[in-house]
Amino acid sequence: MSVNEINKKAAINMISLFLAVQLVSAVIPLFLPENIGIVGFLLPSMVLFAIGAIGMIVIERRKQMRFEFEERFSHNPVRILLWGLIGMFIAIVVQSFSSIIEVNFLGSSMESENTQFLMEVVRNYPFFLLLVGVAGPVMEEFVFRKAIFGLLIDRIGGIGAAVISSLLFAFIHFDGLLLVYSSMGLVFAWLYFKTKNIWTPILAHCLMNVAAVLINLYFS
C-alpha cells in the first residue's frame with residue numbers, strides 16, 4: 001500500500017471516528033432518565049470525547065500517517081511548543097477582530113446558546129473543562145487539519161486546503177459564527193504548515209479554548 005493510500009485510509013478513519021463520537025454523544029442523552037442529573041448527561045460525552053481524542057492519536061501512530069511536508073515532533077520540539085504558545089495569542093487576536101466584524105457588519109449575535117451552555121456547565125462542573133480544552137481540540141485538529149487539510153494540500157494547494165478545511169471546521173460548530181470559526185481555522189492551518197507538525201495547532205487550540213473559558217468565567 002502506497003503512502004498516499006495509507007494517509008487516505010487513516011484520514012477516513014479519523015473522520016469516521018469524529019462523526020461517530022458526535023452522533024453517539026448527541027443520541028445517548030435521549031435514552032437517559034430525566035432524573036439522572038446534569039452530571040449523568042455530561043459523563044457519556046466526556047468519556048466519548050476522551051476515547052475519540054485517544055483514538056485519533058492511535059490511528060495516526062498505527063497507520064504511520066505522515067504527509068510530505070511534515071516533520072516529527074522530536075526534530076524541533078522547542079519550536080513547536082513556542083509556536084503553539086504564540087499561536088494561541090494569534091488565534092485570540094484573530095478571533096476578536098472576526099467577532100467585531102461578525103457583529104458590526106454581518107449582524108451576527110455573539111450570544112451563542114451553545115457557548116453560554118458550555119460556560120455554565122464548566123462553572124458548575126470544572127472537570128468539564130477537559131472536554132472543552134483538551135479532548136475537543138485534539139479531535140478537531142486531527143480531523144480538520146491533519147486529515148482534511150493534509151489530504152487536500154497536494155490536490156488544490158495550501159490556500160485552497162486551508163480555506164476548505166476552515167469552512168468545514170466553522171460549519172461543524174453550528175453556531176452561525178462562520179467568520180469567527182473559519183478565521184480561527186485558517187490560523188491553525190497556517191501553524192500546522194509553518195511548523196510542519198500537527199501538535200502545534202493542537203497546543204494553540206487547547207490553550208486558546210482554556211483561556212477563553214477562564215476569561216468568560218472570571219473576567220466577564
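The values are calculated or read from the model by the stated rules, or taken from the named source; none is laboratory data. Just so you know, these numbers come straight off a predicted model, no measurement behind them. With ideal geometry, Cβ positions are generated from the backbone for all residues, glycine too; neighbour counts draw on all protein chains shown.
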**Request:** Among the numbered conditions (1) buried (at least 21 other Cβ atoms within 10 Å of the Cβ); (2) more than 10 Å from the chain's Cα centre (by Cα), tell me where LEU179 comes up short.
**Result:** (1)
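Considering only residues that are more than 15 Å from the chain's Cα centre (by Cα) and not acidic (Asp, Glu), which ones fall in segment 115-149? Before the answer, list the steps.
Restricting attention to segment 115-149, the residues satisfying the condition of being more than 15 Å from the chain's Cα centre (by Cα) are 116-128.
The answer is GLN116, PHE117, LEU118, MET119, VAL121, VAL122, ARG123, ASN124, TYR125, PRO126, PHE127, PHE128.
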**Message:** Quick check on segment 49-88: of everything there that is of a type in the set (Phe, Trp, Tyr) and closer than 19 Å to VAL210 by Cα, which residue is modelled with the highest pLDDT?
**Reply:** TRP83
**Message:** Out of ILE51, ILE6, ILE15, I need the residue that is surrounded by 12 or more Cβ atoms within 10 Å (Cβ to Cβ), free of Cβ contacts under 8 Å to residues at least 60 places away in the same chain and within 27 Å of PHE127 (Cα to Cα). Which one?
**Reply:** ILE51
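For (1) under 18 Å from the mean Cα position of the chain (by Cα); (2) assigned to a helix (DSSP H, G or I); (3) basic (Lys, Arg), each residue gets a yes or a no:
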{"site": "ASN13", "(1), (2), (3)": "yes, yes, no"}
{"site": "PHE18", "(1), (2), (3)": "yes, yes, no"}
{"site": "LEU30", "(1), (2), (3)": "no, yes, no"}
{"site": "GLY37", "(1), (2), (3)": "no, yes, no"}
{"site": "GLY55", "(1), (2), (3)": "yes, yes, no"}
{"site": "GLU60", "(1), (2), (3)": "yes, yes, no"}
{"site": "GLU70", "(1), (2), (3)": "no, no, no"}
{"site": "VAL78", "(1), (2), (3)": "no, yes, no"}
{"site": "LEU81", "(1), (2), (3)": "yes, yes, no"}
**Asked** Can you tell me how many residues in segment 134-171 are more than 13 Å from ILE202 (Cα to Cα), hydrophobic (A, V, I, L, M, F, W, C) and without any contact (Cβ under 8 Å) to a residue 60 or more places away in the chain?
**Response** 13
**Prompt:** Would it be correct to say that SER99 is of a type outside the set (D, E, K, R), at pLDDT below 80 and in contact with a helix residue (DSSP H, G or I) (Cβ under 8 Å, 6 or more places away or on another chain)?
**Reply:** no
**Request:** Go through segment 139-195 and give me each residue that's under 26 Å from ILE54 (Cβ atoms), modelled with pLDDT of 95 or more and either among the charged types (D, E, K, R) or not in a helix (DSSP H, G or I) (or both).
**Result:** GLU140, GLU141, ARG145, LYS146
**Message:** Report every pair of residues separated by at least 6 positions or lying on different chains whose Cβ atoms are under 6 Å apart, first residue within segment 62-76 and touching a residue at least 60 places away in the same chain (Cβ under 8 Å) and within 13 Å of ASN7 (Cβ to Cβ), second polar (S, T, N, Q) and surrounded by 15 or more Cβ atoms within 10 Å (Cβ to Cβ).
**Reply:** MET65/ASN7
